[in-house]
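Below: one structure, written as structure tokens.
Computed from the coordinates by the stated procedures, all read-outs in this text should not be read as laboratory data. Keep in mind it's a predicted model, so treat the numbers as computed, not measured. Counting neighbours? That spans all protein chains shown, and the Cβs are built from the backbone with ideal geometry, glycine included.
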Amino acid sequence: MNRNVRRQFASSIWLGVMYLLTVLALIPLGLVLWFTVSKGLPSVLHPEFFTNSFRPFGIPGGGIAHAIVGTAILVGLASLMAIPIGILGGVYVAEYAVDPWASWVRLASDVLVGTPSIAIGLFAYALVVVPVHHFSGIAGSIALAILMLPIVIRTTEGAVALIPNGLRESGLALGLPRWRVSLQLILPTAAPGVITGALLAVARASGETAPLLFTSLGNTLFKVDPTQAMQALPLTIYQYALLPYKSLQDQAWGAALVLVVMVLGINLLSRWVLRRQIRLAGQL
Amino acid sequence: MRAVLGAGDTKLKVEQLSFYYGKNQALKDVSFEIPERRITAIIGPSGCGKSTLLRVFNRMYDLIPSARAGGKVLLDGEDVVTTRKLLELRQKVGMVFQRPSPFPMSIRDNVAFAPRLLGWSSSRVKEVVRQSLERAALWDEVNDRLEAPATSLSGGQQQRLAIARCLAVSPEVILMDEPCSALDPVATLKIEDLMAELMRDYTIVIVTHNMQQAARVSDYTAFMLMNPEGRYGELIEFAPTANLFNQPQDQRTEAYITGRFG
Amino acid sequence: MRAVLGAGDTKLKVEQLSFYYGKNQALKDVSFEIPERRITAIIGPSGCGKSTLLRVFNRMYDLIPSARAGGKVLLDGEDVVTTRKLLELRQKVGMVFQRPSPFPMSIRDNVAFAPRLLGWSSSRVKEVVRQSLERAALWDEVNDRLEAPATSLSGGQQQRLAIARCLAVSPEVILMDEPCSALDPVATLKIEDLMAELMRDYTIVIVTHNMQQAARVSDYTAFMLMNPEGRYGELIEFAPTANLFNQPQDQRTEAYITGRFG
Amino acid sequence: MAAAVESTSAVIPPVRRVPDRFRTVTAAVAAVAPVILIVIVAILYQQAAPSIRHFGLGFLTGTEWNPVTDTFGALPAIFGTLSTALLSLVLAVPVGVAVAVVLAEQGQATLRGILGTGIELLAAIPSVVYGIWALYVLAPWSYQHLELPISDRLGFIGWLSQPGARSLFNASLVLAVMILPTLSAISREVIRAVPRGLKENAVALGATWWETTWRVILPSARAGIFGATILALGRALGETIAVTMVIGNRYAIPPSIFSPAYTLASVIANEFNEATGTLYPAALIELGLVLILVTLLVNIVALLLVRSTSREASRAA
Amino acid sequence: MPRLTFERELASLRESLVRMGTLVESQIEASLDALRRRDGPAAEKVRNQDQYLNELFRQIREQVFMVISTQQPVARDLRYLMGLQYIAIELERMGDYAVRIARMTSTLVALPDKPLRAEFGLMGELAIGQVHDILEAIIDQDVPRAREVASRDNEVDRLWHRVFEDLVKEMGTGKTDTDGALRAVTLLLVAHNLERISDRVTNVAEDIVFLESGQVVELG
Amino acid sequence: MPRLTFERELASLRESLVRMGTLVESQIEASLDALRRRDGPAAEKVRNQDQYLNELFRQIREQVFMVISTQQPVARDLRYLMGLQYIAIELERMGDYAVRIARMTSTLVALPDKPLRAEFGLMGELAIGQVHDILEAIIDQDVPRAREVASRDNEVDRLWHRVFEDLVKEMGTGKTDTDGALRAVTLLLVAHNLERISDRVTNVAEDIVFLESGQVVELG
């Protein structure tokens, strides 16, 4: 065979292998979604699943209302703490990128993103639970906030950094003060990216289990008081799944379906927002 | 020759200007005088410090923490290098960049952006928007779609919008940092014509790596080079453009403009 | 005038070439003949399809899935558009891009890249590396550090390395897509001089938005414009460079080269 | 000459800048991130202090974990953590790079968009969902169709014997799925950051798609891909819930990859709420401290690697 | 689109050229006037005025230089500039001829007065008319006019030959003394210079055709 | 760094100019030779040869055009090109003078033979020498030499005045017939043209000074 023909042939083979591996990588996604839906759907189809709270094994009509509300409260509180700080911090890191301090913040954020969530749970436990001597939603939300903070910082930074430097310089060259340029010109321009970051952080926090294990602990009752132990969706799944009762396992699958739909929904939404941001930034 | 008709008074007087990024000297002992209501071009090979020099004039270098300047740059007698009235300085000394960077808002809002933040009355802002767009030779092209996003304009139009935006705060000096290097020849010549018009009212300083452009548009030209030993930029020659391109006084200038380097 | 001395034979014959990106027509009915061992420049405002045209000659457009070409481009009589021998074609028709893009390896390995893929013997590769670097006027600057990473070279050197890399597979035609637009004037003139040297052995086609450059370096010039209605690029005029810049036959060419557009 | 420059530069005073209050405020806010990081380590250290004082370095090498006798050694957990993480890397890296290569190609935007979205959604799925899936679906299947056939044929090799549904191997398998998106997303970015010109140049020289990818693109992205791998390693080390659900939770160095094991994170997750006394929780927190220090180290190395590549890429471009 | 700066430069250059042309015309007129009126001081003035002309010429040349080096004209623009310069060269030469005529007038003034031949008046008028009209052709960028003006060269030529023959005949009668011979020869040279001026007008006409159309033609 | 293409163009241009100069020199030589030998056909040949000269001139002019429009020279380069062109213009004029001399030779051939004055030989030699030497100054880019050559103009001028006075005196004796007058006037014009050639050499010298140094000088 002619050498060039051989080279072309080898290239085609390799291309096929690469695509094959990609498809292979997607199989777990399909399986996870399939099983979550098929096993979770029966539970989810009962309306009381969303309105009722925990019922012990054998008592029908158990639901996850307490977990959904708990997750909402936990994540909501965490967002209130993490998002404003994260955005301001992200603006700082992006706007003063050459500051030595900014690179420390950046490094710390990256490391924080990679820190095992269980360790953050331990930290929140030691920080909040130990002094007040009982588990609480607040402890859980602090743990989640710590988890969210670096994500918000880095995505905000990324979104702001995507804005061409020319925009910043143009603003400053007009004689506008730095804070006006940053907050009234740059940040609005980067808004979709920043929102994406916040959404991603929310999605991530909603799905986390480990940091909640020793902080909000979980609760079988419907609670809206964050100073008490609270249930959350992932906790529900984790706890029910390991129980030897079929009905609770089914509820775990149902909760998993709810969680997946929620998380993937937020995720797809954030991707859509982000795409707009990128298109906009491309035009600048 | 315009340049021969008699120069304007000195608008910017650069005196023994040196500039450092951290420990690295970027400019050394640059001295010359930029005349009012004329176009002054700064040319030289890359790395000669021409952009740095331009960014001294409106203190854009403040963005870089390690930057330091020595010497003086007198704008109407007031030292730019040490002034604490940074915002006033930048309103007086506008700047147009290589990339037009339209703000992500309507054409009108782009021009009105700074005036509004400066708290001007809305009728005044409206007037300023119109005037600035007219002066930037953009009014006729956009007056029927002032609400359209600025990003919908072509590259050349965006650059004229950037000029209009800069005119909106009534600068006296306009600095241009390679304003045409991202544009095609058609848009470039439009900007050049616009510069010739703006010269009646503004002092213009343009940095360009395109020496033909400097020759075409400017009244005065400063030629800079990087000192081969010290690695800092220095001013080699400053003269009326026609003289510089016909009878350069310095060997190095001649070598550069005739394309015989190194 | 070189061009007057008698043109080389036709190397590339473009016949009724049309080009589409998906549904958008990018080129329409372009026909002209590129002579052998001459420098042919393609000029025109941005968006006129000059880069697209160049990328037809070595089928680089194959990288873009939706691209289609109609008509013929005969390279020594063989149609480039329909050939299935892509690798051979690209060895015959080399290309130098706007950005030099040195491969992340040593200077030597950069040049030896393609020869090694072709399975040449190591002694032959060694010889080719030396020859190519010499022809690209880079040997003297790098022969003492062939193992250094190519990224350590300056921009102008990198571009000459890209040329050497392309010479290594003994092309007959060299396409250059704005090879100097990322370089400063010093490096630019070095490349231009190199082109004048290479012309003895290679057919060179250069796309440039800098018409002064086209005027300086080329023997023949093709001027293209975007059709205002159809939004496709078309060839307006093709002539010896000296004629085109002195006595353009088409009004639009004259308007463009004298800087009076639109 | 240089000395002269030096001396003049010494004379020039720093520019008197107008104070930038905006910067001060935002910098202070941003300080929250590093401060938290330090405080985490500090507090964990403080909480682990009893155990550290009691066991010293022997904690790291001890193999026994007995709350009754207050004997705590971390080695089996450390071993489990490292081996699941490394095994998952072995499984995920080739696939992840292949995915990255495919996704970084231009053209066929729709197909690639769908593939890319799919891969990224993999990352979005909460680990507890992976856990329940792994527990009920993946582990049984893997036991039947992977572990049994392999140990049947290769069981004479000790560490491929004793198949079980809850095993180190299955934990690695689910970990591999979980780190795959990290791996491919970062690798894709790194590959995309390879200047387009490199590819065009290689193609223009007559290189085939594979030659271009293998000899030009992947080498350019090498350091970045390595960084992505390390980053994925960090994720794998710290992953808790899914692993806890399938690894079998046996505190011992397993004889085979198909045997149950334990990881640092899952020990904590399982036992912390029941831990009483001083030494037991302190020992668990010390496990957390070990985990966090290891991941810190791995992360920092990875970040430096990824950053150096993107810097190189921007220099080349 | 206009290219403002360049157009401005071109306009100023054309203006300078017209100023130069007007000066040349008046120089020729003045020199012939001085000849007719045997006015030594007037002739002297023509010779002095020439320096202004030279200065104007130098300026135009320099200006062309500056425009070429700063505006990099090509095609029609370059042709136009070069054409202007060629015309300036011709005008400068015409000025020289006027000076020569003035110099000869100085010679003639020293000689005994004798009535001038009618042909001189005619030649002078024709030449001045040609210069005047070619200037207008420059201003109006009027190629046909330029060609027409150039064609009048024949008439001047005819007159020159008549003057030449007559003067030779006059001297051939053997009745001339030295003064007479000097006068005759001087007048001959005056006529020669007028004829040369007319030649130059033809050259200018060729230059006009060139700068407007790019064609190189031989007129006359 | 060289700018290969541009240098190549310049070299070819300079070569053309030298070829043109050589042709002019030989034209002048031939015309004077024909005059001395009263060789009608030779004179005729000079007049025919002029078209080659014109063609060469046209080519140089065009080449200058192309170099300017394609190479965009500035400063010294532009000066050099323009200087070359100015010199070509002067050379072309010199060629014209040679043709005039040849034309006069045709007139003289028809007249009775009489020995030529020595001054003609002298003037001719001087003029040819000047042309020859100024060509070498061009080739060698030798400014002092150019100045020196230009200074020889005075000698030619002196000879021209002597010829003029002698001829006027000769005609003033009243002993000339028509043929004699025609011959005298024709010779006078020959001398005049030689003097003009010498003037042109001065102009060329000025151009050389200009193109080498950028200074505008008045020589002679």
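Observations
- Within 10 Å of each Cβ in A:2-9, the average number of Cβ atoms from other chains: 5
- Of the GluC sites (Glu not before Pro) found in the stretch C:116-170, the ones in coil according to DSSP and having at most 14 other Cβ atoms within 10 Å of their Cβ are C:Glu147.
- Alpha-carbon radius of gyration plus Dmax, which is the widest Cα pair, for the protein assembly as shown in Å: 43.9, 158
- A cut-off of 5 Å between modelled amide H atoms, ignoring neighbours fewer than 5 places along the same chain, links B:Ile42 with B:Ile206, B:Val207, B:Thr208, B:Ala222.
- Between D:Ala242, D:Ala221, D:Ala275, the residue with the greatest mean-square fluctuation in the GNM of chain D (Cα pairs under 10 Å linked by springs) is D:Ala275.
- Built amide H within the under 5 Å cut-off of D:Tyr262, gap 5+: D:Gly80, D:Arg250, D:Ala252
- E:Thr178 versus E:Arg38: modelled label distance in nm, points set 7 Å from Cα along the beta carbon direction: 2.0
- 3J(HN,Hα) along the stretch C:17-25: 6, 10, 8, 10, 9, x, 8, 8, 7 Hz, from the Karplus curve 6.51 cos²θ - 1.76 cosθ + 1.60 with θ = phi - 60°, whole Hz, x for Gly and Pro.
- Across peptide D:238-247, the average count of Cβ atoms from other chains found within 10 Å of a residue's Cβ is 5.
- A simple spin-label model places pseudo-atoms 7 Å from Cα toward Cβ; at D:Leu86 and B:Glu141 they are separated by 6.4 nm.
- Relative packing of peptides D:228-238, F:37-47 - highest average C-beta neighbours within 10 Å first: D:228-238, F:37-47
- With at most 10 other Cβ atoms within 10 Å, longest stretch of chain C clear of loop trypsin sites (Lys or Arg not before Pro) (DSSP): C:85-199
- Mean separation of Cα contacts under 8 Å (6+ apart) over length of chain C, as relative contact order %: 27
- Whole-Hz ³J(HN,Hα) from phi, Karplus 6.51 cos²θ - 1.76 cosθ + 1.60, for the stretch D:173-179, glycine and proline x: 4, 5, 4, 4, 4, 6, 8
- Mean-square fluctuations from a GNM of chain A, with a 10 angstrom spring cutoff on Cα atoms, peak among A:Leu20, A:Leu127, A:Leu31 at A:Leu20.
- Working from Cα pairs under 8 Å separated by at least six residues, relative contact order for the stretch C:33-110 is 21 percent.
- Distance from the alpha carbon centroid of the stretch B:86-150 to that of the stretch D:18-93 works out to 54 angstrom.
- Residues whose amide H comes within less than 5 Å of that of D:Thr71, counting only those at least five positions distant or on another chain, are D:Asn66 (H built at 1.01 Å from N in the peptide plane).
- Look at the stretch D:171-178: the mean tally of other chain Cβ atoms within 10 Å of its residues' Cβ atoms is 1.
- Ascending list, in nanometres, of distances separating the E:Glu62 label from those of the other copies (7 Å, Cα toward Cβ): 3.4
- Nearest-ten-degree value, helix B:122-135 long axis tilted from longest Cα axis of chain B: 50
- Between B:Arg84 and F:Arg58, the modelled labels are 7.8 nm apart [label points 7 Å from Cα along Cα→Cβ].
- Counting neighbouring beta carbons within 10 Å and listing from fewest to most, the residues A:Met230, F:Met66, E:Met171 come out as F:Met66, E:Met171, A:Met230.
- For chymotrypsin sites (Phe, Trp or Tyr not before Pro), the sites in the stretch A:238-269 that DSSP calls loop and that have at most 15 other Cβ atoms within 10 Å are A:Tyr245.
- Between the stretch F:116-165 and the stretch E:99-150, the Cα center-to-center distance that results, in Å: 31
- Cα gyration tensor shape of chain A, rounded if a/c is under 1.5, else prolate or oblate by comparing a/b with b/c: oblate
- Taking θ as phi - 60° and the Karplus parameters 6.51, -1.76 and 1.60, the scalar couplings of the stretch C:37-49 work out to 6, 9, 9, 10, 9, 10, 10, x, x, 5, x, 8, x Hz in sequence order, x denoting glycine and proline.
- Of the DSSP H helices in chain A, those whose Cα atoms cover at least 20 Å axially and whose Kyte score averages 0.5 or more: A:3-44, A:65-95, A:100-114, A:137-162, A:187-207, A:246-283
- For the stretch C:208-262 versus the stretch B:71-85, the inter-centroid distance based on Cα atoms is 48 Å.
- Antiparallel bridge percentage (DSSP; both residues within the protein assembly as shown; nearest 5): 60
- Ranked by how many other Cβ atoms sit within 10 Å of their own Cβ, fewest first, the residues A:Val224, F:Val64 fall in the order A:Val224, F:Val64.
- Among B:Ala222, B:Ala114, B:Ala162, the largest mean-square fluctuation in a Gaussian network model of chain B (Cα springs under 10 Å) belongs to B:Ala114.
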